[in-house]
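Novice: Here it is: the structure, laid out below.
Read-outs throughout are calculated quantities, based only on the coordinates presented, and are distinct from any laboratory measurement. Everything numeric here is computed off the predicted structure, so don't read it as measured data. Quick reminder, even Gly has a Cβ in these numbers, built from the backbone with ideal geometry, and neighbours come from all protein chains shown.
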Amino acid sequence: MENTLRVMTAAGNDQSFTLLRELVDGMRPRHIDDEQAATNSVQALAYLLEAHEEYRAAVRRHLLHLVSTRKQVRLYTDSGVLSNETFFSALMKRIGHRLLPPVFDPASLKDVFGAIFYRKDDYVWLESVPREVWFDLGRALHFGEETDQDSINLTRLQVLEAVQVLSCRLSAIGLEPEIVLNHPDGDRFESPFVRQNVEALAYIEGYRRDMIEKRLPDEDVKPILVLLDQCEDIVARVRKSAHKTGISVSLTYHLLRIRQHIERLRTLLLMIDPAPAPEKADLIVDSALVLVRAENRKYAIRDVFAENTELLALQVTEHASHTGEHYIAENRSEWISMFKSAAGAGVIVGFMALFKLLIGKAHLPLLLEALAFGLNYAFGFMLIHVLHYTVATKQPAMTAAKIAESIHQGSKIGKKSVNLDDLADLIVKVFRTQFVAILGNVLLAIPVALAIALAWKYSFGEPVIDMAKADHLLHDTSPIASLAIFHAAIAGVCLFLSGLISGYYDNKAIYNQIPQRIAALPLLNKVFGESRTRRIARYIESNLGALAGNFYFGMMLGVIGTIGVLLGLPIDIRHITFSSAYLSYAEVSYNFALNWQVVAMTLLGIALVGLTNLAVSFGLALWVALRARRLTFSATRPLVGKLLRRFFKQPTAFFVPPRAPVEPKDET
């Protein structure tokens, strides 16, 4: 690194790009995630610049020459800022650039900047360096000693041009119809998006005039910053309104672009403002790191999904979390009610299993059979919901979102950590509710299926299925002889997807005002009357997501096995409640003569299938809910130990709620 600095003192400005790239290469740690090495290299550079005046003068000279002789505007206005294009356009553009990168333009500072930090993971080691170390490096450059005012002025002019571009874009985005529609007070006052543009243009004009007259700019940047704060307030109100009115991908995209434009505008304005500001250094460092990350990941397809679906995922999981509240038994009476609800579902599943077996015996064409299987599952699950019963495996996708919401509320600004005691209480409640729901499903599905099988045999003189089919069902449930656990994991993924679908349709119903539009349909009002039509609309508002989730879940369960056959892949599903019912049908086919080892192995398989169903769906749902809230599992690492201590201290609480304390009678 010192050799590069020595060369820079004597080299001409035509070598600025090469030398600055070599300087960054010298700072880059051998292992990209070595935080200490990265910090040491930046500290070493700061020490050398502070100790040698000729070194820092050379770095300033080359840096100013590189910046002032390139086109800077695109770097400030495009890097790290979403463009005015749809989600799918952005996706296709990144795919195209990844397959065939655009031509390098040496006159563009954006391209040169990307070529200096050319490693795709440069942002990792740069972000690992403490902020104070970057401040030390900035002070070591001693920009106050710089005398090349022409290069500084050229840079300022391009920054002003970038401010103008960003300000105009911000005013246009702020007046998008979806933003105005979702801003409750948008029509009452003059829009700050328009006013900030007027103020920004006046500021730029005055700044340029001062530069022409070669005097220190005295324009005040504070009015623009105040208006930017007001723009942020509007974004916050739109987000808050979206909790009630739903949200779309396009609205998410607009809100994200507004936030990015405001942040970039604030940084550029403070950077060229001659007045000292305490947050200026922070903003410059943050902006530089954002630019490096943006250039490193400019072809990353994954980032397009992450940037555009974050708020939508939050809305979907929040709708799921509200539903999840109904799947958590707080006390013993709710726990017993959950058992009854699950028992009702177990009865219906016994009949659904019968219809599934009869459809299989019909030997329909493959695609028609898959459709029939799917509709049997779909209508059965929808009936369970309409009758207010509960399928145990539907719970995890909802309760996981509720747990993530609890973590989010406990880790807001001002709190150092999550309240693990409250979170542990919630997880214990979820566990025992899940336990009793499974118990209700299985304890009713087995005897109901057994009764149906015996009634069928008594009525028709033969069992529902022959012994060959019974052997096949038992083999499919065996955890050793088959892929039952893998197939149960596939069912868990379907359960997780059904939870997301439920949240999506709940959001869609609110955002598109589907209930209100149904209530206003002239035909329905004429046929059913206004009162019944309003009741239908209210029911759809409360249940559209759940009905859609159950329908799609049923279709996925029915179709996946056929897809596996068509593709020649070992793809199928296993569901705990249906596997339990199939055991009863197989037992009757064998006239209750099944070997006890076979029954034991099947019961073990059913238990493992259920555990896999729950674990996969819960894990995926919790991961998405945490990701949507920008949370990780790191804050909850001590939770496992706390739960284990609770289990050994009071194991029954994980299965049965404690009795409510009896209040003493008032004898007075």
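Novice: Please list, by residue number, every one of the trypsin sites (Lys or Arg not before Pro) in the stretch 157-242 that is coil in DSSP and has at most 11 other beta-carbon atoms within 10 Å.
Specialist: Passing sites in the stretch 157-242 are 188, 214, 215.
Novice: If you fit an axis through the alpha-carbon atoms of helix 420-460 and take the longest principal axis of the Cα set of the chain, what angle between them do you get, 0 to 90°, nearest 10?
Specialist: Helix 420-460 sits roughly 40 degrees off the main axis of the chain.
Novice: Calculate how steeply helix 149-174 sits against the longest principal axis of the alpha-carbon atoms of the chain, using the helix alpha-carbon long axis, and give the answer as 0 to 90 degrees to the nearest 10.
Specialist: Helix 149-174 and the main axis of the chain meet at about 30 degrees.
Novice: Using Cα centres only, tell me the gap between the stretch 507-585 and the stretch 420-455 in whole Å.
Specialist: Distance between centres, Cα-based: 23 Å.
Novice: Taking the Cα centre of the stretch 124-237 as the origin, how large is its charge dipole in debye, to the nearest 20, when only Lys and Arg (+1) and Asp and Glu (-1) carry charge on their Cβ atoms?
Specialist: 100
Novice: Further, regarding this structure: Tell me the net charge near residue 142. Cut-off is 11 Å between Cβ atoms, residue 142 excluded, with +1 for each Lys or Arg and -1 for each Asp or Glu.
Specialist: So the environment of residue 142 carries a net charge of -1.
Novice: From the square roots a ≥ b ≥ c of the eigenvalues of the alpha-carbon gyration tensor of the stretch 1-87, which class results: rounded (a/c under 1.5), prolate (a/b over b/c), or oblate?
Specialist: oblate
Novice: Checking the table 240/526; 361/457; 240/508; 429/508; 93/280 against a 26 Å threshold on Cα-Cα, which pairs fail?
Specialist: 240/526; 429/508; 93/280, as the Cα separations exceed 26 Å there.
Novice: List the aspartates and glutamates whose Cα lies under 18 Å from the Cα of residue 71, skipping any in the same chain that are fewer than 8 positions away.
Specialist: 14, 105, 111, 150, 161, 295
Novice: How far is it, in nm, from the label point at residue 208 to the one at residue 48 when both lie 7 Å from their Cα along the line to the Cβ?
Specialist: Distance between the two pseudo-spin positions: 4.1 nm.
Novice: Mind putting a number on the dipole of the chain about its Cα centre? Charges go on the C-beta only, +1 for Lys and Arg and -1 for Asp and Glu, and I need it in Debye to the nearest 20.
Specialist: Using only the charged Cβ atoms, the result is roughly 1820 debye.
Novice: Please state the shape class of the chain: rounded when a/c is under 1.5, otherwise prolate if a/b exceeds b/c and oblate if not, all from the C-alpha gyration tensor.
Specialist: Since a/c reaches 1.5 and a/b is larger than b/c, the shape of the chain is classed as prolate.
Novice: How much net charge surrounds residue 516 when only the other residues with a Cβ under 11 Å from the Cβ of residue 516 are counted, with Lys and Arg +1 and Asp and Glu -1?
Specialist: Local net charge: +2.
Novice: Now for a separate question. Round to a whole angstrom and tell me the spacing of the C-alpha centers of the stretch 333-359 and the stretch 91-170.
Specialist: Result: 61 Å between the Cα centres.
Novice: Is the stretch 445-484 rounded, prolate or oblate when judged by the Cα gyration tensor, a ≥ b ≥ c being the square roots of its eigenvalues, rounded requiring a/c under 1.5 and prolate requiring a/b larger than b/c?
Specialist: In terms of gyration-tensor shape, oblate.
Novice: Also, I was wondering about something else. In the chain, if the dipole is taken from +1 on Lys/Arg beta carbons and -1 on Asp/Glu beta carbons about the Cα centre, which of 372, 129, 513 is farthest to the positive end?
Specialist: The one lying farthest along the dipole's positive direction is 372.
Novice: Cα axis of helix 332-362 to longest principal axis of the chain: angle in degrees, 0 to 90, nearest 10?
Specialist: The angle comes out at about 70 degrees.
Novice: Continuing with this model, one more query. Can you tell me the order of 640-651, 546-557, 526-537, 67-78 when each peptide is scored by its average per-residue count of other Cβ atoms within 10 angstrom, highest first? Please list the in-between numbers first.
Specialist: Numbers: 640-651: 11.6, 546-557: 22.9, 526-537: 13.6, 67-78: 19.6.
Ranking, from highest mean packing down: 546-557, 67-78, 526-537, 640-651.
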